[in-house]
Amino acid sequence: MNEFEQDHNIEIQKQFAMQAKRFDQEGYPLSNTEYLKWAIDNIPLNKDYLALDNASGTGILARALARYVKTVHAIDASRPMLQSGKEAARREGINNIIFNEGFAQSLPYDDSFFDLTTCRLALHHFYDVYKPLQEMVRVTKTSGYIAIMDLVSPDDRQISTFYNRLENLRDSSHTYALTEQEMLELFRRYGIDIIKAQTRDVEMVLDDWLDLTDAPKDSRAAITESLLQELDGGKKTGMRPYIKDNKIYFLHTWMLIVGQKV
Ligand SMILES: C[S@@+](CC[C@H](N)C(=O)[O-])C[C@H]1O[C@@H](n2cnc3c(N)ncnc32)[C@H](O)[C@@H]1O
């Protein structure tokens, strides 16, 4: 691991120690049941499955999966996120999740251990996306499934550069959201047979989104200004802002991609 990756891991742990308490807050898209249902309806599930949710955070997806599989291992680099997840699972009466602290790029599991591996909304935080995906493929059984749900960047290179800069201003652990094409290529690169690839827009309230990361005042002002300028016909941010009920909203695009290890 080089020193930049080490620094990034520290940044991740700092950022999510801060987000852990409010991560599951009601009304925010992360725990919205509609988006969880989208995942549950499209990921192959079976009561005999041993599943892994990689970079699981508080286990929002792991908890949704737990009802449909035998056991879920939820691994994450942030102890406070895992702690919030454990408390939530206890409150919800879920007892088939095993929470583990660890890094997505060096999973502490044997080869071909899981029937299903998932990773939601974490790829765009990884220092590099290749090693975590390679690890997910390694720990998945042949004919097992790999499902990723993540933000995707706009296709246009210039807009995507601006978009990722704004995301990083709001959360310094944001690295890069792949484009749809890059996500498909990532699966193909590891020989995963793609069985589903879908996208959908997710409505975000700008202030709520900035509050979750406790974005610094100047970053907050710069992001808001960029969205207002776009609303005035200025440079495209890739965030597609609009005003509703006197609030600034914007759209994220989430991609769900499901493949089979061949
Ligand atoms: C935006 S949260 C998403 C959490 C969860 N997957 C969900 O969908 O609710 C990103 C999570 O990725 C974790 N993370 C980021 N980089 C990681 C890495 N290299 N290894 C393990 N966890 C990582 C963070 O600690 C954080 O909990």
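Assorted remarks:
- Any hit, the stretch 42-55, residues being without any contact (Cβ under 8 Å) to a residue 60 or more places away in the chain, within 29 Å of ILE195 (Cα to Cα) and open to solvent by less than 60 Å² (accessible area, probe 1.4 Å): no
- Residue within the stretch 85-94 that is more than 13 Å from the ligand (Cβ to nearest atom), crowded, with 23+ Cβ neighbours inside 10 Å and outside any helix (DSSP H, G or I) present: no
- Restricting the stretch 118-129 to residues that are in a loop (DSSP other than H, G, I, E, B) and open to solvent by less than 30 Å² (accessible area, probe 1.4 Å), the residue that is nearest to LEU178 (Cα to Cα) is VAL129.
- Test: residue in the stretch 139-146 that is touching a residue at least 12 places away in the same chain (Cβ under 8 Å) and either within 13 Å of the ligand (Cβ to nearest atom) or assigned to a loop (DSSP other than H, G, I, E, B) (or both): no
- Scanning the stretch 1-44 for residues that are of a type in the set (D, E, K, R) and either in a helix (DSSP H, G or I) or at pLDDT 95 or above (or both) turns up GLU3, GLU5, ASP7, GLU11, LYS14, LYS21, ARG22, GLU34, LYS37, ASP41.
- Residue within the stretch 67-75 that is surrounded by 19 or more Cβ atoms within 10 Å (Cβ to Cβ) and near the ligand (Cβ under 9 Å from one of its atoms) present: yes
- Index of the failed condition, ILE159 passing every other in (1) of a type in the set (A, V, I, L, M, F, W, C); (2) assigned to a helix (DSSP H, G or I); (3) in contact with a His (Cβ under 7 Å, 6 or more places away or on another chain): (3)
- Filtered residues of the stretch 51-66 (kept if more than 7 Å from the ligand (Cβ to nearest atom) and at positive phi): GLY59
- For ASP115, the requirement of being out of contact with any Asp or Glu (no Cβ under 6 Å at 6 or more places or on another chain), assigned to a loop (DSSP other than H, G, I, E, B), modelled with pLDDT of 95 or more and more than 9 Å from the ligand (Cβ to nearest atom) is not met.
- Applying the set (1) of a type in the set (A, V, I, L, M, F, W, C); (2) surrounded by 15 or more Cβ atoms within 10 Å (Cβ to Cβ); (3) at pLDDT 95 or above to ILE98 leaves exactly one unmet item: (2).
- Some residue of the stretch 65-82 being in a loop (DSSP other than H, G, I, E, B) and within 26 Å of HIS174 (Cα to Cα): yes
- Applying the condition of being over 17 Å from LYS86 (Cα atoms) and over 16 Å from the mean Cα position of the chain (by Cα) to the stretch 19-33 and asking which residue is surrounded by the fewest Cβ atoms within 10 Å (Cβ to Cβ) yields GLU26.
The values are calculated or read from the model by the stated rules, or taken from the named source; none is laboratory data. Being a predicted model, the structure only gives us computed values, none of them experimental. So basically every Cβ, Gly included, is an ideal-geometry build from the backbone, and we count neighbours across all protein chains shown. Accessible surface is based on the protein model in full, side chains and every heavy atom, while ligands, DNA and RNA are left aside. Shrake-Rupley method; radii C 1.70, N 1.55, O 1.52, S 1.80 Å.
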